[in-house]
Amino acid sequence: MKLGYTILYVDDVAATLTQWEQAFGLTRRFLHESGIYGEMETGDTTLSFAEREFGRAHFTDDETRAMFDSHPRLFEIGLVTDDVQAAWEVAIRAGVRGLVAPKVQPWGQTVCWLRESNGILVELASPM
């Protein structure tokens, strides 16, 4: 088994794809004509965004459906870049909220954290 894709549920897929293009330099792979699903080009694993109500419609139980009512929590999307500082600056100019400015970890990796408009925690990190 291998990780094929991650789907994050958002209110506006097209706006999210645009923000991730501008803030993180990713390329849009696909946006469905209905606007309910889109993908970013990230290499072997697809990063996808789907409209919140589209996701909720897959489930009939109240507990699972309720998960679509709040911002995503307890995970982060990690993007690897050779220049964390420059990527941080681009993301900030694109309107993403900076949480922890770039810093060097004890093991030598440079990292920073941001939160984009849907509340998704994004880590930018240099390669290990």
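Being buried (at least 17 other Cβ atoms within 10 Å of the Cβ), at pLDDT below 95 and either over 18 Å from Asn118 (Cα atoms) or out of contact with any strand residue (DSSP E or B) (no Cβ under 8 Å at 6 or more places or on another chain) (or both) is a description that does not apply to Thr46.
Going through (1) at pLDDT below 95; (2) surrounded by 17 or more Cβ atoms within 10 Å (Cβ to Cβ); (3) within 22 Å of Ala91 (Cα to Cα) one by one, Met40 falls short only on (1). Pairing each residue of region 57-78 that is modelled with pLDDT under 90 with any residue that is among the charged types (D, E, K, R), provided the two are 6+ apart or on different chains, yields C-beta distances under 8 Å for Arg65/Arg56; Phe68/Arg52; Phe68/Glu53; Phe68/Arg56.
Quick check on region 79-128: of everything there that is farther than 17 Å from Thr42 by Cβ, touching a helix residue (DSSP H, G or I) at 6+ places or on another chain (Cβ under 8 Å) and assigned to a strand (DSSP E or B), which residue is most open to solvent (accessible area, probe 1.4 Å)? Applying the filter and picking the extreme gives Ala101. Quick one: would you say Arg28 is of a type in the set (D, E, K, R), in contact with a helix residue (DSSP H, G or I) (Cβ under 8 Å, 6 or more places away or on another chain) and open to solvent by 30 Å² or more (accessible area, probe 1.4 Å)? In short, yes.
Within region 54-78, the only residue that satisfies the criterion of being surrounded by 13 or more Cβ atoms within 10 Å (Cβ to Cβ), part of a loop (DSSP other than H, G, I, E, B) and charged (D, E, K, R) is Glu76. One residue stands out among those in region 103-128 that are polar (S, T, N, Q) and in contact (Cβ under 8 Å) with a residue 40 or more places away in the chain: the one that is farthest from Arg73 (Cα to Cα), which is Ser126. Are any of the residues in region 24-43 closer than 20 Å to Leu3 by Cβ, in a strand (DSSP E or B) and in contact (Cβ under 8 Å) with a residue 40 or more places away in the chain? Checking region 24-43: not a single residue is closer than 20 Å to Leu3 by Cβ, in a strand (DSSP E or B) and in contact (Cβ under 8 Å) with a residue 40 or more places away in the chain.
The values are calculated or read from the model by the stated rules, or taken from the named source; none is laboratory data. Just so it is clear, the model here is predicted, and its values are computed rather than measured. Cβ atoms come from the backbone with ideal geometry, glycine included; neighbour counts cover every protein chain shown. The area values use the complete protein model at the heavy-atom level, side chains included, leaving out ligands, DNA and RNA. Shrake-Rupley method; radii C 1.70, N 1.55, O 1.52, S 1.80 Å.
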